[in-house]
Protein chains: 2
Amino acid sequence: MSSPVRISLDVMGGDHGPDVVLPGAEIALTRHPDIAFLLYGDSARINALLKDRPRLAAASTVIHTDVVVRMDDKPSQALRKGRRVSSMWRAIDAVRMKEADCAVSAGNTGALMAMAKVNLRMMSGINRPAIACLWPTMRGESVVLDVGASIGATAQHLVDMAVMGAAMARIVFDIERPTVGLLNIGVEEIKGVEEVKDAAAALRSADHPGLAYYGFVEGDDIGQGVVDVVVTEGFSGNIALKAAEGTAKQVADFLRGAINRSFVAKIGYLLARGAFRALRDKLDPRKSNGGVFLGLNGVVIKSHGGTDAEGFASAVDIGYDMVRYQLLSRIEAGMNDRPQVGRAAVADVSVSDELQVPS
Amino acid sequence: MSSPVRISLDVMGGDHGPDVVLPGAEIALTRHPDIAFLLYGDSARINALLKDRPRLAAASTVIHTDVVVRMDDKPSQALRKGRRVSSMWRAIDAVRMKEADCAVSAGNTGALMAMAKVNLRMMSGINRPAIACLWPTMRGESVVLDVGASIGATAQHLVDMAVMGAAMARIVFDIERPTVGLLNIGVEEIKGVEEVKDAAAALRSADHPGLAYYGFVEGDDIGQGVVDVVVTEGFSGNIALKAAEGTAKQVADFLRGAINRSFVAKIGYLLARGAFRALRDKLDPRKSNGGVFLGLNGVVIKSHGGTDAEGFASAVDIGYDMVRYQLLSRIEAGMNDRPQVGRAAVADVSVSDELQVPS
């Protein structure tokens with residue numbers, strides 16, 4: 001049997017802390033018995049909860065921490081008070097110290113990203129981190145990034161995200177060359193998307209072995225599952241994700257309200273509830289819970305702060321997969337021959353120069 | 001009775017041209033008998049269709065044009081071949097010549113915006129146009145802009161859009177001070193949203209009589225109807241709109257598929273179909289059809305290219321309202337005392353300077 005996957009947990013993170021994190025870890029452990037957990041947090045609370053969970057207790061090491069990063073702490077606050085001493089920092093630090101293969105936290109995104117950047121640092125050649133999520137589509141799921149790590153992106157950042165997102169998609173979907181699309185808007189000849197166009201040119205001409213560049217996709221193509229990986233900068237990515245989540249919730253709420261207003265409709269709902277359950281299942285945010293931080297020297301997974309044990313287990317699952325199937329070395333391999341922005345254009349110029357040489 | 005609202009139509013625009021535009025115009029005319037239409041396009045086709053529509057014919061003047069801007073023409077191509085001679089240009093030109101109060105086209109967005117900018121020019125003090133749409137929400141509808149006129153926005157552009165969007169919302173929702181939110185992402189202290197923050201500071205301190213500034217909203221707040229007007233730059237606005245539209249379609253398609261796989265579920269659907277109809281009605285893209293171009297010296301409405309007569313009629317309706325309730329003079333009034341970016345900060349500095357004067 002291969003060596004265990006060692007996962008460090010920020011047990012105090014999220015809206016519910018240990019009450020969700022530990023049951024979630026237990027669920028993930030039943031699916032992946034080869035996980036070894038490092039549990040960072042209030043040891044009294046953790047040990048009390050572990051009493052009724054002998055199997056989780058057997059797979060876990062508890063490390064006491066006093067400081068908790070709160071959900072509304074700003075990144076700078078979190079760093080000031082939580083550096084070296086908080087459960088969040090220590091969970092990340094375990095990855096840096098090679099004591100864990102991956103850290104999972106339901107704590108606040110800004111603080112987690114700030115600590116991860118400060119502690120793990122960026123991978124060589126990558127300037128900015130990205131957060132990748134799994135987006136439910138008509139065809140299954142797609143990887144979408146960046147959904148909020150940073151705002152704006154140069155063409156090279158977009159290309160780097162394509163390479164990193166494809167590395168993740170290879171693991172999640174088990175396909176050799178995932179299709180990658182660049183998110184764009186449909187209006188032609190509009191000024192200001194030079195970065196997106198330059199990234200497209202680089203990706204198209206590079207023919208990178210780790211991904212199949214598809215072209216531009218628009219906002220409505222994401223949910224259709226047109227490509228395996230959708231790349232955009234973090235502002236538009238975050239807004240697209242939340243607008244889509246909001247719409248799904250809005251549709252569900254509206255339908256529930258409309259059904260509840262009529263007795264006959266309620267009967268109808270009961271008869272059709274298999275279909276409704278399938279829909280709820282399909283759109284269950286818990287199943288696609290787990291934002292993967294990309295570009296760092298280590299695997300860090302962000303769980304939704306308000307999720308339940310099932311949702312937290314999904315975040316642990318995705319961390320497990322990223323470690324077991326070697327996300328970092330796949331990204332490194334992809335970055336070795338990453339497409340260079342501008343190289344294509346330069347090559348074109350030299351060809352045309354050659355042609356113009358008087359013969 | 002007040003004077004008629006004169007609406008010029010690009011009859012050749014859209015996927016279906018006259019076959020949708022004229023029936024759509026007729027529907028709008030039954031709702032607003034005081035419309036006078038100028039119909040630009042192939043007069044033979046138009047007159048043939050008007051034969052069976054005596055009421056529309058009586059309210060219309062037909063002006064023959066030879067050139068059609070196609071749905072896939074780039075803006076520059078459209079201007080080259082269509083300037084002065086196409087149905088699209090002529091419909092806009094009627095507004096410039098004060099022969100019409102408003103132009104409506106289902107033609108391609110980029111070409112329509114390019115022609116509108118070139119021909120009507122920007123309103124004094126406004127640097128960039130915006131496209132505003134009506135977004136169905138849990139509470140009704142909200143005005144969202146910019147959904148794709150231009151990419152990126154300075155703080156002052158965002159403020160100008162707030163003023164213009166509020167002017168439109170006052171008409172559509174008949175409220176004196178619509179609430180306005182700036183679209184942002186939730187992560188604190190992230191670099192790159194200085195424009196959004198500066199616009200927020202200006203809007204907050206200005207206390208503009210035409211709008212009530214709410215604060216930041218996130219992508220999922222749009223569909224909840226948290227504010228009457230949502231302001232963002234065109235790239236993220238377009239992507240948010242399409243992601244939401246895509247999700248609504250995805251949910252509907254999935255539910256339809258799930259219901260069709262089971263006989264009992266089909267029976268259930270029949271019983272609950274009132275609720276489904278209410279949902280379809282709520283999300284009917286035809287009802288919120290009609291993007292309003294803001295910032296130009298004239299009212300131009302963009303209809304979806306693929307819509308049907310009912311959808312085109314909605315676009316005419318919104319143009320009618322914008323004229324009848326004086327969108328342009330409302331925007332002008334709002335711009336007269338528009339919040340100035342930086343002024344708030346400057347005021348703060350002088351106060352603190354005063355305090356530091358040795359006494």
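Tabulated data
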quantity: Over the protein assembly as shown: helical MRE at 222 nm, DSSP H runs n ≥ 4 each giving -39500 (n - 2.57), nearest 500; calculated: -16000 deg cm²/dmol
quantity: The range B:236-348, relative contact order in percent, only Cα pairs under 8 angstrom and at least six apart counted; calculated: 16 percent
quantity: Heavy atoms of B:Lys117 accessible to a 1.4 Å probe, total area in Å² rounded to 10; calculated: 90 Å²
quantity: Spin-label zone in the range A:259-300 - amide nitrogen under 20 Å from a point set 7 Å from the Cα of B:Phe263 along the C-beta vector; calculated: A:268-276
quantity: Length-normalised contact order of the range B:1-120 in % [C-alpha pairs under 8 Å, at least 6 apart]; calculated: 34 percent
quantity: Accessible surface of A:Lys197 - all protein chains present, 1.4 Å probe, nearest 10 Å²; calculated: 90 Å²
quantity: Accessible area (Å², 1.4 Å probe, nearest 10) - A:Asp52; calculated: 130 Å²
quantity: Efficiency of FRET from Cβ geometry, B:Ser329 and B:Asp281, R₀ 22 Å, rounded to 0.05; calculated: 0.05
quantity: Exposed GluC sites (Glu not before Pro) absent - longest run of chain A, DSSP non-H/G/I/E/B, at most 16 other C-beta within 10 Å; calculated: A:190-359
quantity: Compactness of chain B, expressed as Rg and Dmax over alpha-carbon positions, Å; calculated: 22.2, 87
quantity: Isotropic mean projected area of the C-alpha convex hull, the range A:77-214 (nm²); calculated: 10.4 nm²
quantity: Rough spin-label spacing in nm, given labels placed 7 Å along Cα→Cβ, for A:Arg121 and A:Met138; calculated: 4.7 nm
quantity: Taking chain A and dividing mean pair separation by its residue count, relative contact order in percent (alpha carbons under 8 Å, at least six apart); calculated: 23 percent
quantity: Too-long pairs where the Cα-Cα distance tops 18 Å, listed order kept, from A:Lys242/A:Lys266; A:Lys302/B:Lys249; A:Lys81/A:Lys117; A:Lys197/B:Lys249; A:Lys242/B:Lys287; calculated: A:Lys242/A:Lys266; A:Lys302/B:Lys249; A:Lys197/B:Lys249; A:Lys242/B:Lys287
quantity: Kirkwood Rh (inverse of mean 1/r, distinct Cα pairs), the range A:127-287, angstrom; calculated: 17.0 Å
quantity: Apportionment of accessible area to carbon and sulfur, the protein assembly as shown, percent (1.4 Å); calculated: 51 percent
quantity: FRET efficiency, 1/(1 + (r/R0)^6) with R0 25 Å, evaluated for A:Phe216 and B:Ala252 via beta carbons; calculated: 0.50
quantity: Spin-label pair B:Asp19/A:Ser2, simplified geometry with 7 Å Cα→Cβ offset, distance in nm; calculated: 5.8 nm
quantity: Compactness index (Cα Rg / 2.2 N^0.38 Å), the protein assembly as shown; calculated: 1.04
quantity: Accessible area buried at the B-A interface, both sides summed, 1.4 Å probe (Å², nearest 100); calculated: 5100 Å²
quantity: Rg/Rh (Cα only; Kirkwood hydrodynamic radius) as it applies to the range B:1-120; calculated: 0.96
quantity: Gain on full stretching of the segment that runs from A:Ser43 to A:Asp337 - 0.36 nm per residue minus C-alpha separation; calculated: 101.3 nm
quantity: Estimated distance in nm for a label pair at B:Val85 and B:Asp308, the labels positioned 7 Å out from Cα along Cα-to-Cβ; calculated: 3.6 nm
quantity: Per residue accessible area of the protein assembly as shown, 1.4 Å probe, in Å²; calculated: 42 Å²
quantity: Using a Förster distance of 30 Å, the FRET efficiency for A:Lys98-A:Asp72 (Cβ separation, nearest 0.05); calculated: 0.40
quantity: B:Arg84, A:Arg324, B:Arg55, ranked by accessible area, largest first (probe 1.4 Å); calculated: B:Arg84, B:Arg55, A:Arg324
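The values are calculated or read from the model by the stated rules, or taken from the named source; none is laboratory data. Only a predicted model underlies this, so the values are computations on that prediction, with no experimental measurement involved. Quick reminder, even Gly has a Cβ in these numbers, built from the backbone with ideal geometry, and neighbours come from all protein chains shown. Quick note on the areas: whole protein, heavy atoms, side chains included, nothing else; ligands and nucleic acids left out. Shrake-Rupley method; radii C 1.70, N 1.55, O 1.52, S 1.80 Å.
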